[in-house]
Amino acid sequence: MDTRTRPRAAPAKGDDDGQDGRDDRRDDPQRSKSSVQSLAKGFRVLEAFSADVEEMTLSEIADVANLDAGTTFRMLNTLVDLGYVMRVPDSRRFRLTLKVLDLGFNAVARQDLRTVVRPVLRSLVGELGEAASFGVLDGGDIIYIERMRAGMTRLLVEIRVGTPIPATMSVIGRALLAFLPKDALERTLATRPRQGVLAAPVPSRAKLLPALAEIRERGYVLQESMIAGGLRILAAPVLDRDRVPFGVISIVALMSCSSDKEMRVRAVEPLLAATRSIARALEASGSTALSHA
């Protein structure tokens, strides 16, 4: 039986702490004294989503989580503010964001993907002697899944795995956005990015769309970093067989060490070869169904 159609218990009067009328005494009284019920309810909201039901309305979430509408509303607002849940544009539905992976990121969530990506990035870094990264799109952000650098090389800005970067205001993000289908691009542009290492206004479409069209025609982007001066970024998307991006690779170099021409000559072909290698590996492993915004 679909859990969303199960009978709902008659609600009792709630209070400001989210103590709704549903029976939350799932453990013995002694354990309840040492637990935080509001936190437990927040996890019940997150657990309401599944691979089969990725988007849900507030009432559907309330039914699956066995919470009343008022408590569910407060929990969803909190989770949206924290970045774990997003409102689906032009609808009354909600969906999880990739930020939930932060809770068990290294151990479980992207282990298969990182296992595929890591040797390709390692080879790329060894060949070019520059730092390389792999990211995926999450709402309005690019989330870094893996990063590697050559030896003890230090860059002017350090971005860790799991860091969100606004897609429209980053070179790596634009490399992916340029290849999104029109409807997915519209959803992404309608989604506010989180405040990560870069807090900047979203550029106007009059400036952004021509830039994306140019990147799509060329197949990659090479320009100065939008996050930190003095860095040159070369980035290209990893495309599935329908030419839809499910990830993006970037190479970062100090501008003082190489020119645009030098980067094109020595790095473009290895970068594009790396994107093809990852695409083939992910397709073979059946892991190409990543989030497309």
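All of the numbers you see were taken from the coordinates with simple rules; none came from a lab. All figures in this text were calculated on a predicted structure; none of them were measured in a lab. Cβ placement follows ideal geometry from the backbone for every residue including glycine, while neighbour counts extend to all protein chains displayed.
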Label Thr78 and Thr115 with points 7 Å out from Cα along Cα→Cβ: what is the distance between them in nm? 3.6 nm
Taking the Cα-to-Cβ direction at Ser50 and at Arg280 and moving 7 Å from each Cα, how far apart do the two end points lie in nm? 3.8 nm
Grab the alpha carbons of the stretch 208-251, take their convex hull, and tell me the volume per residue in Å³. 83 Å³
